1. Could you tell me whether the range 42-53 includes any residue that is in contact with a helix residue (DSSP H, G or I) (Cβ under 6 Å, 6 or more places away or on another chain), at pLDDT 95 or above and surrounded by 13 or more Cβ atoms within 10 Å (Cβ to Cβ)?
2. For the range 9-21, which residues satisfy the criterion of being open to solvent by 50 Å² or more (accessible area, probe 1.4 Å) and either part of a strand (DSSP E or B) or modelled with pLDDT of 95 or more (or both)?
3. Which residue is nearest to L12 (Cα to Cα), if the candidates are limited to the range 36-54 and must be among the hydrophobic types (A, V, I, L, M, F, W, C) and outside any strand (DSSP E or B)?
4. Limited to the range 23-44, what total is found for residues that are under 13 Å from the mean Cα position of the chain (by Cα) and among the hydroxyl-bearing types (S, T, Y)?
Amino acid sequence: MIMVLPETQDNLLAVQVSGQLTIQDFDLYRNLLRDLMGKYKEVRSYYEMVDLGT
């Protein structure tokens, strides 16, 4: 699962990644990055991985 974090603003996309990722998760991440790349010359991406013990 991908959850967009509140730190996401301007040219920064911050997400938390946990559990098993789906195609929809990858699509969401890609589309969010694509939107930012259309607005800004440079885009920063931050992600944190959470171990759910699975």
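1. Scanning the range 42-53, I find at least one residue that is in contact with a helix residue (DSSP H, G or I) (Cβ under 6 Å, 6 or more places away or on another chain), at pLDDT 95 or above and surrounded by 13 or more Cβ atoms within 10 Å (Cβ to Cβ), so the answer is yes.
2. Of the residues in the range 9-21, the ones open to solvent by 50 Å² or more (accessible area, probe 1.4 Å) are 9-10, 20-21.
The answer is Q9, D10.
3. Let us first name the residues in the range 36-54 that are among the hydrophobic types (A, V, I, L, M, F, W, C), namely 36-37, 43, 49-50, 52.
Next, only the ones that are outside any strand (DSSP E or B) stay: 36-37, 43, 52.
Details: L36: 8, M37: 10, V43: 6, L52: 25 Å.
Among those that are among the hydrophobic types (A, V, I, L, M, F, W, C) and outside any strand (DSSP E or B), it is V43.
4. Selection size over the range 23-44: 1.
The values are calculated or read from the model by the stated rules, or taken from the named source; none is laboratory data. Everything quoted here is computed from the prediction, not taken from an experiment. Cβ: placed from backbone, ideal geometry, glycine included. Neighbour counts: every protein chain shown. We work out accessible area using only protein heavy atoms, side chains counted, and drop any ligands, DNA or RNA first. Shrake-Rupley method; radii C 1.70, N 1.55, O 1.52, S 1.80 Å.
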